[in-house]
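Below: one structure, written as structure tokens.
Computed from the coordinates by the stated procedures, all read-outs in this text should not be read as laboratory data. Please read these numbers as outputs of a predicted model, since none were measured by experiment. In this analysis, Cβ positions are derived from the backbone assuming ideal geometry, glycine residues included, and neighbour counts consider all displayed protein chains.
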Amino acid sequence: MVEGMRKSPIGVGLIGTGYAAKVRADAINAESRAQLIGVAGHTRDKLEAFAHACQTQAFDSWQGVINSSAVDLVVISNLNAEHGAIARAALFAGKHVVVEYPLALDVSEAESLIALAENRQRLLHVEHIELMGGVHQSLLENLPKIGNPFYARYATVNPQRPAPQKWTFNHQLFGFPLTGALSRLHRFTHAFGKVASVSCRVNYQHTDGVDPAYYSSCLCSAQLQFQQGLVLDVIYGKGEALWQAERKLEVHGSQGGLIFDGDEGYLATPAGSQPLTVSARRGLFAKDTTAVLDHLLEGKPLYVTVQESLYTLKVAEAARRSAEIGQVVEIPVS
């Protein structure tokens, strides 16, 4: 049991009104050990509709959520650039905190938040639901079958025409692509450990007459050399100037390969190919919510630590620096 948590149901305050927030709200409402106290968001009409649909209170600001005496746990599910400031204020207010990745866009800010949570003896959990997903679990289960893994590739490309002028296409609000989409790296640091070096390139397309803070397309590609020898190519793209959707993960080893295309996977070996069991993606936010409540009320370990998320954030920052200077960035051995 985490220090400072003695009651059930746990009062939960939610920041955000997007897809992740809605799924999280449904998970909280389905839990007898938690009560959704209220929600805050940027747009009043959307906020009120969200609160009505989730049968909860609409707060005028996120500050109102974290200052509510009924709130024990704050769940941050809004735009990336605000994660750090809200988490800091919530921890100072004595609340436990769950943040959808990334914890912050700046590594030093993330480190300071972890230190603050430890000092205040409060939970600080960064959600990484892909680690519980069917593809990742199947990958871990079947890795021993392919011998020594030496090369991996992970591509997630999402053509969108027209590109939405929303925070996920905003340089400052979303952050560097592999920081904002941290899960693209985290599943591999979880499976293969520490990274030795990173080389990265990023290309943005902008539309004439549109606020340059928003891009119409983004394509980010990085190559990671892991300390254990694996080479990983990661491709993350979205927007108007991309023409073929892709969600494919491959890991090649000395005795076979694991290939996942969407939610389907197979094992390739000299004897042929065989399909892999991949569980459905639905219900992962509910699993994360259950894990958080189990940790707070029963002291059960979480499926991921905040230090693991911080390490991956450092790898993403190395990728950002590489793209900025056009050189390979070495990551110190820790």
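With Cβ to Cβ distances under 14 Å as the rule, what net charge do the other residues near Asn158 carry (K, R +1; D, E -1)?
+4
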Q: Pull up the DSSP beta bridges for the chain and report the antiparallel fraction as a percent, rounded to 5.
A: 60
Q: Within the set of other residues whose C-beta is less than 11 Å from the C-beta of Thr189, count the net charge using Lys and Arg as +1 and Asp and Glu as -1.
A: +3
Q: Under 11 Å from the Cβ of Leu313, count the other residues' Cβ atoms, weight Lys and Arg +1, Asp and Glu -1, and hand me the total.
A: -3
(Q) Could you tell me how many cubic angstrom of Cα convex hull volume the chain has per residue? (A) 141
Q. Where does each of Ser32, Ser68 land when they are ranked from fewest to most other beta-carbon atoms within 10 angstrom?
A. Ser32, Ser68
Q) Which value at 222 nm does the chain reach when only helices count, each DSSP H run of 4 or more adding -39,500 (n - 2.57), with the total divided by all residues and rounded to the nearest 500 deg cm²/dmol? A) -10000 deg cm²/dmol
Q. Label points 7 Å out from Cα along the Cβ direction at Val328 and Val231: separation in nm?
A. 1.0
Q: Could you go through the range 59-76 in sequence order and give the Karplus-derived ³J(HN,Hα) for each residue, using 6.51 cos²θ - 1.76 cosθ + 1.60 with θ = phi - 60°, rounded to whole Hz, and x for Gly and Pro?
A: 8, 6, 7, 5, 4, x, 5, 6, 8, 6, 5, 7, 8, 9, 10, 9, 10, 9
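In the structure shown, do any of Lys22/Lys194; Lys7/Lys95; Lys46/Lys248; Lys7/Lys314; Lys7/Lys46; Lys145/Lys300 have a Cα-Cα gap over 25 Å, and if so which?
Distance filter (> 25 Å) returns Lys22/Lys194; Lys46/Lys248; Lys7/Lys314; Lys7/Lys46; Lys145/Lys300.
Which FRET efficiency value, to the nearest 0.05, is calculated for Ala30 and Ser61 with the Förster distance at 30 angstrom and r the Cβ-Cβ distance? Working shown, then result.
Numbers: r = 27 Å, r/R0 = 0.89.
Efficiency, rounded to the nearest 0.05: 0.65.
Would the range 114-255 count as rounded, prolate or oblate if I go by the C-alpha gyration tensor, calling it rounded below 1.5 in a/c and otherwise prolate when a/b exceeds b/c, oblate otherwise?
Taking the square roots of the gyration eigenvalues as a ≥ b ≥ c, the range 114-255 is oblate.
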